[in-house]
Amino acid sequence: MAYESPLLRRSGAVAPPEDHPEAGVPWHWGDPFAEQRTASRGVAVVDRSHRRIITVTGEERLSWLHLVISQHVTALPDGEGTEALVLDSQGRIDAHMVLAHVDGTVFLDTDPGATATTALPRSDEKQPLLAYFEAMKFWSKVEIADASDDWALLTLLGPETFDLLARFGIELDKRPYAAGRFSEVVARRMPWPGPSSVDLLVPTSELEAWWVRLTDAGARPAGSWTFDALRVESLRPKLGVDTDERTIPHEVNWIGSAAHVAKGCYRGQETVAKVHNVGRPPRNMVLLHLDGSQEIYPETGDPVLLGDRTVGRVGSVAQHHELGPIALALLKRSTPMDVQLTAGEQDRAVQASVDPDSVPREHIAPGREAAQRLRG
């Protein structure tokens, strides 16, 4: 049964289309551009309770996780978090998750329906992420549980976030992914979208009550439209939208933030190390500015064309309150970055140009790189 947030029943909530990646939570609350402005200049709260929550406990929780995910977590201190991936044997991305290590529990949240390639040899079948973790448990002293019925995720965005949280006794230091438990709430600072983002895990039974507390304290209700627009602006991918079945971490900026290049002992590590040390990824994720003069937009999975040649794939498409229509796209490494492109096909085809600030360093000429440093 598909998840449906109780907040969708509140006055003003607008649901996304049924096939939308964020189906199940409010898309917006009547004015998505005003919601974005508030999320950039004040404080807004977004319902992300459709994300699945997995908890890992037990004395070997960190050493076991270290073996099955792409991030280095053996010494992850209590009160910190990180991002991580599950890769297949070829280094292609199966799942993305965000962690928080708090009071002896690793809270792991991921997209609904997350799957991973089965641990059975010579098999490309997918299974639910929880089932994959259970299959990889073996004799480790860990307990893995689906805690989605117990916890729900809310995200606060904007420079006034920390002042608002302080009214509830929730104070985090400035480290990215700093985390802590404050009575019934687990809080985690996030470096995106925007520099002042905080995820709150609240008891599912208290989701509406916390929504009312936060909005009564001054947070503006905002929907997934706002979150996605700021995520795209921040060059942060969403699995299954900005990735396809061939995507490796290097292509979508997940090296370092979610995949460790030096540690071994995880599936797909050979590809991660090889591409990082001696190669370049076949594609790069960039930000596209779309021509919105006719209010026609491409869709996820549409081609990006240079003339009549396909050079990439459209990912997330968003309407930003300042940048206008924008999109993330995976482009072949050989694609010139300073040419006019076409995003979409048939009646969805629009002109597109690459945002120069999103161009990978390998594409920047030395003189232009110096100019960018001066401008910065």
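Some points to look at:
- Potential lengthening between Thr118 and Ala349 on full extension [0.36 nm per residue; Cα-Cα distance subtracted]: 79.4 nm
- Burial order of peptide ranges 305-313, 37-45 (average beta-carbon count within 10 Å, highest first): 37-45, 305-313
- Candidates Ser148, Val43, Leu323 compared by Cα position along the dipole of the chain: farthest toward the positive end lies Leu323, with charges placed on Cβ.
- Sum of side-chain charges, Leu239 neighbourhood, beta-carbon under 9 Å (Lys, Arg +1; Asp, Glu -1): -2
- Dipole check for segment 249-348: with +1 at the C-beta of Lys and Arg, -1 at the C-beta of Asp and Glu, and the Cα centre as origin, the magnitude is about 780 Debye.
- In a reduced charge model with +1 at each Lys and Arg Cβ and -1 at each Asp and Glu Cβ, the chain shows a dipole moment near 1140 debye about its Cα centre.
- For mean projected area of the Cα convex hull in nm², calculated from these coordinates, the label among (1) 15.8; (2) 23.5; (3) 19.5: (3)
- Using the Cβ-Cβ distance between Ser89 and Ala217 with R0 = 51 Å, the FRET efficiency computed as 1/(1 + (r/R0)^6) comes to roughly 0.60.
- For segment 1-36 versus segment 278-304, the gap between their alpha-carbon centres in whole angstrom: 25 Å
- Surface exposure of the chain, expressed per residue as accessible area with a 1.4 Å probe, stands at 45 Å².
- Here the gap between Phe33 and Lys174, fully extended at 0.36 nm per residue and compared with their Cα-Cα distance, gives a gain of 47.9 nm.
- Database remark: amide H of Trp27 closer than 5 angstrom to the amide H of Val14, Ala15, Ser224 (H placed geometrically; neighbours at sequence offset of 5 or more, or on other chains; Pro and chain starts carry no H).
- Eligible lysines near Lys332 by straight Cα distance, threshold 26 Å, same-chain separation 8 or greater: Lys238, Lys274
- Listed peptides 169-179, 286-296 by packing density, highest first (mean Cβ within 10 Å): 286-296, 169-179
- Cα centroid separation - segment 308-357 against segment 59-83, whole Å: 36 Å
- Within the accessible surface of the chain, defined with a 1.4 Å probe on protein heavy atoms only, the carbon and sulfur portion equals 49 percent.
- Cβ-based net charge around Val198, under 14 Å, with every Lys or Arg adding one and every Asp or Glu removing one: +1
- For Pro282, neighbours were defined as the other residues whose beta-carbon sits under 11 Å from its Cβ, and their charges (Lys and Arg +1, Asp and Glu -1) total +4.
The values are calculated or read from the model by the stated rules, or taken from the named source; none is laboratory data. Keep in mind it's a predicted model, so treat the numbers as computed, not measured. In this analysis, Cβ positions are derived from the backbone assuming ideal geometry, glycine residues included, and neighbour counts consider all displayed protein chains. Remember, those area values only see protein heavy atoms, side chains included, never the ligands or the DNA or RNA. Shrake-Rupley method; radii C 1.70, N 1.55, O 1.52, S 1.80 Å.
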